[in-house]
Amino acid sequence: MKKYSYRILFGLSLALLFTNCEKLDLVPENTFTDETYWTSTEKAQTFLNTAYSQMMNSQYFFYNEALSDNAYNGRGDIAGAASIASGTYDSSLGRMQAEWDGRYAGIKTTNLILANIDRVPDMDEDVRARMKAEARFLRAWQHFYLMTWFGDIPLLESDPSLEEALSITRTPREDVLTFILDELTDIMDDIPVKSSYSNAERGRISKGAVAAFLARVHLYEGNWSQVVTYCEMIMNGNVGDYELFNSYSGLFSNQNQYSSEDILSLQYAPIDRTWGELFDMVPISVGGRVNSLAPTQELVDSYLTLNGSAIDEPGSGWSEDSPYENRDPRLIATIVYDNYQWQDLEGTSTIYIEPGSDPDDATDEYAPGGSTTSTGYYVRKYFDPNHEAGLAISTNLMLIRYADVLLMYAEAKHELGAFSETVWDETIALLRERAGFTDPAALNYPSGLNDQEMREEIRNERRVELALEGLRIFDIRRWETAEDVLNGYAHGAQFGPDDIDDGYLRVNLRTFDASRHYLWPIPRDERLINPNLSQNPGW
């Protein structure tokens with residue numbers, strides 16, 4: 001049996017925590033509690049920085065989209081996306097163990113901070129209280145995502161001993177949820193508003209982030225009145241000043257980080273901490289590598305036309321002969337399609353994707369089994385047109401933004417039977433105006449929709465506004481529509497034979513078994529080490 005060990009590497013700006021095992025917090029002896037470490041505020045802050053870095057990684061941020069009907073992981077099995085999407089996985093899949101290990105490593109970090117920070121001498125007491133609150137937020141964050149994927153999980157309010165870790169059991173999901181909500185409500189007064197932080201402290205958890213996370217937790221639970229309460233706290237400016245950034249495409253550029261829309265982000269910095277997944281998503285001709293993640297036709301089809309109609313509605317003006325014209329402007333800011341006009345520091349170039357369409361070469365053209373897109377589409381969102389070729393990407397990745405708050409509010413109001421023209425104008429209309437819609441038919445309140453049609457309108461708005469930001473899989477799971485959208489083929493562009501699905505490429509056969517896939521299996525190796533960990537139904 002392997003021993004569980006942690007190694008801490010202290011650099012000038014960040015401490016990185018690693019684990020080389022398959023066990024849950026089996027640390028017989030902990031070097032972080034030495035008198036030699038907890039001696040200064042700076043050292044405590046370095047440890048807290050580690051906890052921030054463990055919130056999420058860029059790979060999961062993007063490849064979680066391939067777990068849903070928005071995207072396809074066409075090469076490899078990155079973050080388990082191909083296996084999970086096709087339904088061909090079990091408790092031995094590496095993603096199960098990696099998700100478990102990574103989140104419990106984050107919980108361990110926060111528990112060590114909370115157990116030791118009172119020992120730091122000469123620390124400003126307001127700073128100490130704030131850092132404790134930040135650690136509790138991050139601990140709640142990790143428990144929330146473990147609970148969302150696995151259901152019942154071990155709840156760790158302190159760092160377990162070796163003996164405890166070997167015999168721990170799963171805590172009922174309801175108790176974990178109560179813990180999360182209690183922690184978040186209890187820390188609200190100890191967390192400052194965003195504007196109170198200095199430029200050097202930007203990106204730290206703010207009072208607005210606590211409210212937004214509380215809204216998200218309640219959203220996933222269907223606690224609609226609580227969602228409204230916390231969204232209104234943000235919308236009314238009670239927890240800081242937030243508003244939509246003035247440009248949808250510009251929102252995702254490096255130069256607009258820390259905008260008025262950004263509530264909580266994964267923090268990156270040039271050289272020290274970067275990410276590179278986008279190079280496996282953008283066209284080859286503009287610096288892409290072997291394409292691994294590509295948007296689906298189902299996502300493309302969800303973008304409305306400029307008059308607010310779905311493409312299959314009478315009067316939409318949509319045509320298969322010019323499928324990308326007169327569409328929601330967020331399409332061009334998110335997805336690269338055939339004959340797309342790509343803009344970067346080199347100027348404007350045309351991206352040819354349909355086979356045989358490039359007059360010069362076939363660099364970006366769809367080719368089955370090749371290194372180009374597997375669906376006939378590439379990704380545009382988060383590409384910064386001012387990015388210099390050859391440099392790693394250090395743009396922050398937004399985990400919660402103000403647009404999400406508006407969409408949570410709209411959904412909750414509708415589910416409460418309180419959706420109105422006023423709510424529409426405060427939410428959906430604002431998002432569409434920012435996106436670039438001008439037709440009154442798209443902006444005005446659609447009073448003729450029935451209850452289910454309005455629900456679908458709000459849900460679709462959420463899909464396109466937040467596309468490729470890692471949230472779709474959680475939405476279709478909480479709506480319990482995953483079995484509807486994740487069974488059958490995921491499709492690509494209309495580059496295939498006419499007699500099969502009207503020529504739309506069949507790129508991946510999806511399977512979602514509602515009897516078991518709504519919860520992931522507890523990782524196999526965890527249960528081999530600790531037989532007290534029960535398994536989820538169907539696994």
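The values are calculated or read from the model by the stated rules, or taken from the named source; none is laboratory data. The structure presented is a predicted model; accordingly, all values stated were derived computationally and were not measured. Every residue, glycine among them, receives a Cβ derived from its backbone with ideal geometry; neighbour counts consider all protein chains shown. Note: accessible area is taken over every heavy atom of the protein model, side chains too, but ligands, DNA and RNA are not part of it. Shrake-Rupley method; radii C 1.70, N 1.55, O 1.52, S 1.80 Å.
Computed values, structure above
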read-out	value
Net length gained if the chain between ASP272 and ALA418 were fully extended (0.36 nm per residue, minus Cα distance)	47.8 nm
Mean-position separation - Cα centroids, segment 449-503 and segment 111-140, in angstrom	42 Å
DSSP beta bridge pairing in the chain, given as percent antiparallel to the nearest 5	95 percent
Residue-normalised accessible area of the chain, expressed per residue, 1.4 Å probe, Å²	40 Å²
Summed residue charge, Cβ within 11 Å of ILE351's Cβ, Lys/Arg positive, Asp/Glu negative	-4
Stretchable slack from ASP118 to SER447, in nm (0.36 nm times residue separation minus alpha-carbon distance)	112.7 nm
10 Å binning of all Cα-Cα separations within segment 227-386, expressed as whole percents from 0 upward	9, 30, 32, 21, 6, 1
Portion, in percent, of the accessible area of segment 426-497 that falls on carbon or sulfur, probe 1.4 Å	45 percent
Accessible carbon and sulfur surface of segment 124-167 relative to its total accessible area, %, 1.4 Å	44 percent
Helical contribution to [θ] at 222 nm, DSSP H n ≥ 4, -39,500 (n - 2.57), averaged over the chain, rounded to 500	-10500 deg cm²/dmol
Label-to-label distance, nm, for residues given as ASP425 and THR481 (7 Å Cα→Cβ offset)	2.8 nm
Where labels lie 7 Å past Cα in the beta-carbon direction, separation of THR36 and ASP301 in nm	6.3 nm
Amide hydrogen neighbours beyond the local backbone of LEU264, cut-off 5 Å, H modeled	LEU399, ILE400
Cβ-Cβ FRET estimate between ASP439 and TYR258, R0 fixed at 25 Å, reported to 0.05	0.15
Carbon + sulfur, % of accessible area of segment 187-269 - ligands and nucleic acids excluded, 1.4 Å	38 percent
Computed lengthening from THR511 to SER319, 0.36 nm per intervening residue step minus Cα-Cα distance	66.1 nm
Across LYS108/LYS413; LYS108/LYS381; LYS381/LYS413; LYS207/LYS413; LYS43/LYS108; LYS132/LYS413, pairs whose alpha-carbon gap is larger than 27 Å	LYS108/LYS413; LYS108/LYS381; LYS381/LYS413; LYS132/LYS413
Pairwise centroid distance, computed over Cα atoms, of segment 319-349 with segment 173-243, Å	36 Å
